[in-house]
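A.B. asks: Shown below is the structure under consideration.
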Amino acid sequence: MDVYVTIIGAGIVGLAIAREVSNSSKNVFLIEKNLKFGQESSSRNSEVIHSGIHYPYGSLKTRLCIQGKEMLYDYCELKDISYRKCGKLIVSSSVADKDTLIQILQRAQKNGVTDGRIINKDEIHDLEPDIIADTAVYFPSSGILDSHSLMKQFETDAINNETQVVYGSEVVSLKKLNEGYEVTLKEQDGSVYSFTSEKVINSAGLYADKISSMLGLSKPENQVFYWKGEYFSLSNGKHKFVSGLIYPVPESNMVGLGIHTTVDLGGRVRLGPNALFMTDKKIDYSIDPEHVKDFHDSLKKYLPFLEPEDLVPDQVGIRPTLQKPGDSTRDFIIEEESKSGYPGFINLIGIESPGLTACMSIAEYVDQLISGFDQ
Ligand SMILES: Cc1cc2nc3c(=O)[nH]c(=O)nc-3n(C[C@H](O)[C@H](O)[C@H](O)COP(=O)(O)OP(=O)(O)OC[C@H]3O[C@@H](n4cnc5c(N)ncnc54)[C@H](O)[C@@H]3O)c2cc1C
């Protein structure tokens, strides 16, 4: 066998896996079709370290988010990566929403997130003097981080562990052999190259279902759907009216958490993302400026200072979700596929939010799946 483990995709999850697996194994390959790491979802998100409150009890999303949050804070501290535990407010401007806030708090507690509390108008004013809200639920353990530096550090750790990181190479075919897999790559110059790998980890984000189907593993429940998320940034000096993460009360079964404010470590305030189902699955990072009106309508309830002309088109990210409009929420798929006849092949599909928060715990989980398979 040429290679022990091949990881497909150098987004934040693939990089975290490369770092983790190479801590204890040699001959690890990380393959990325772009010329640099993190050019897709991993650099087009809110950079929020989520607390783990919104996902169903017992789900991988909940468990890996809560574990991953602590792992990330420790790692950022250890490696001197910038982060800020700025806390998160879910705000309500109507009395009717108060019951929903209580339900959010109860679900959070059931999930094991115990730092949340309901706060009143005065306490909201102390945290965010310029917003309007009667009640909120406050989670102090949420935060923001510099995701580019985090990816760079994962890459450095993996390379220090002798991982071969290959950019500009696209996996175009996978074939199951009697033992292991044949992986075929297409290079930037069009040349094609094949090698054998004992194990393959599919961490290809938006293309994870495509990679799985290269092996003939195309279960209908593994189909990835794309939801676009547009962001506008807050201009005209109004960023000074927001200091942290402010979210509306989420609707049930929604994709995303509702249009909210996020701050980055430089103090820039972004508003978004919305969630637009992409029927044709065509990658499109353009922003429709007409959406300013929807953003303004949904945000002005709690950001009274906001005028439509303060909103400037910013970035777009695309979520690789397992749900179509109207479907109920789905969990991450992280599976070693022996049962389907593909031992040593690990699928990660539908790694939408909180994939950034959970990247290190996902990596640990995948490493355990590999070790379990070895026994
Ligand atoms: C709008 C938005 C907001 C979000 N906000 C947050 C947030 O605040 N907090 C949070 O925790 N999470 C958030 N997320 C989720 C988070 O960004 C993702 O879960 C995470 O980035 C997924 O990382 P990944 O490595 O799985 O995927 P990606 O970053 O998409 O990486 C996959 C990689 O695989 C490569 N690849 C694909 N096919 C091939 C191939 N054939 N050959 C070689 N390489 C290939 C791609 O080029 C890509 O680099 C958000 C996501 C979006 C879209």
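Readers should treat all values here as calculations from the given coordinates under stated rules, not as data from a laboratory. Quick caveat, the model's predicted, so the values are computed rather than measured. So basically every Cβ, Gly included, is an ideal-geometry build from the backbone, and we count neighbours across all protein chains shown.
A.B. asks: Using the alpha-carbon atoms, what tilt in degrees (0 to 90, nearest 10) does helix 60-79 show relative to the longest principal axis of the chain?
C.D. replies: For helix 60-79, the angle is close to 90 degrees.
A.B. asks: Taking 0.36 nm per residue of sequence separation and subtracting the Cα-Cα distance, how much length would be gained by fully extending the chain between residue 307 and residue 118, in nm to one decimal?
C.D. replies: 65.1 nm
A.B. asks: Along Cα→Cβ, 7 Å out, is where each label goes; now give me the distance between the ones at residue 290 and residue 167 in nm to one decimal.
C.D. replies: 3.8
A.B. asks: Which whole-number percent is the relative contact order of segment 88-243 (Cα, under 8 Å, 6+ apart)?
C.D. replies: 17
A.B. asks: For residue 219, enumerate residues with amide H under 5 Å from its amide H, sequence gap 5+ or separate chain, H modeled in the peptide plane.
C.D. replies: none
A.B. asks: Can I ask one more? Do you know the relative contact order of the chain, to the nearest whole percent, from alpha carbon pairs under 8 angstrom that are 6+ apart?
C.D. replies: Relative contact order, the chain: 24 percent.
A.B. asks: Further question on the same structure: Take the alpha carbon atoms of segment 214-244, find their center, do the same for segment 136-174, and report the distance between the two centers in whole angstrom.
C.D. replies: For segment 214-244 versus segment 136-174, the Cα centre distance is 17 Å.
A.B. asks: Moving on to the next point. Cβ neighbours within 10 Å, averaged per peptide: list 238-248, 209-219 in order, most packed at the top.
C.D. replies: 238-248, 209-219
A.B. asks: Another question, if that's okay. Can you check what the Kirkwood hydrodynamic radius comes to for the chain, Cα pairs only, in Å to one decimal?
C.D. replies: Mean inverse Cα-Cα distance, inverted, gives 21.4 Å.
A.B. asks: Next question, about the same structure. Which whole-Hz ³J(HN,Hα) couplings does segment 123-139 yield from phi under the Karplus relation 6.51 cos²θ - 1.76 cosθ + 1.60, θ = phi - 60°, glycine and proline marked x?
C.D. replies: Working through the residues one at a time gives 5, 4, 4, 5, 7, 9, x, 9, 9, 10, 6, 7, 9, 8, 10, 10, 10 Hz.
A.B. asks: With a Förster radius of 25 Å, plug the Cβ-Cβ distance of residue 189 and residue 159 into 1/(1 + (r/R0)^6) and report the FRET value to the nearest 0.05.
C.D. replies: 0.60
A.B. asks: In segment 177-235, what GluC sites (Glu not before Pro) fall in a loop by DSSP, with at most 15 other Cβ atoms inside 10 Å?
C.D. replies: Sparse-neighbourhood loop GluC sites (Glu not before Pro): 179.
A.B. asks: Moving to a separate point now. Could you calculate the FRET efficiency of residue 109 with residue 175 from 1/(1 + (r/R0)^6), where r is the beta carbon distance between them and R0 is 41 Å, rounded to 0.05?
C.D. replies: 0.25
A.B. asks: Ok, one more. Quick one: helix 98-111 against the long Cα principal axis of the chain, what's the angle to the nearest 10°, folded into 0 to 90?
C.D. replies: In the chain, helix 98-111 runs at an angle near 30 degrees to the longest axis.
A.B. asks: Can I ask one more? Please give, to one decimal in nm, the separation of the simple spin-label points placed at residue 99 and residue 280, each 7 Å out from Cα toward the Cβ.
C.D. replies: 4.4
A.B. asks: Distance in nm between label sites at residue 34 and residue 218, each 7 Å beyond Cα in the beta-carbon direction?
C.D. replies: Calculated label separation equals 2.6 nm.
A.B. asks: Shifting gears a bit: Within segment 94-191, how many Lys pairs that are eight or more residues apart, or on different chains, come under 24 Å at the alpha-carbon?
C.D. replies: 4
A.B. asks: When every alpha-carbon pair in segment 205-276 is counted, what percent end up more than 19 Å apart?
C.D. replies: Percent of Cα pairs beyond 19 Å in segment 205-276: 53.
A.B. asks: Taking 0.36 nm per residue of sequence separation and subtracting the Cα-Cα distance, how much length would be gained by fully extending the chain between residue 126 and residue 23, in nm to one decimal?
C.D. replies: Full extension of this stretch gives 32.6 nm more.
A.B. asks: Here is a further query. What percent do you get for the relative contact order of segment 108-154 when only Cα pairs under 8 Å and 6+ apart count?
C.D. replies: About 35 percent, as a whole number.
A.B. asks: Run lengths n ≥ 4 of DSSP H only: what is the helix-derived mean residue ellipticity at 222 nm for the chain, with -39500 (n - 2.57) per run over all residues, to the nearest 500?
C.D. replies: -8500 deg cm²/dmol
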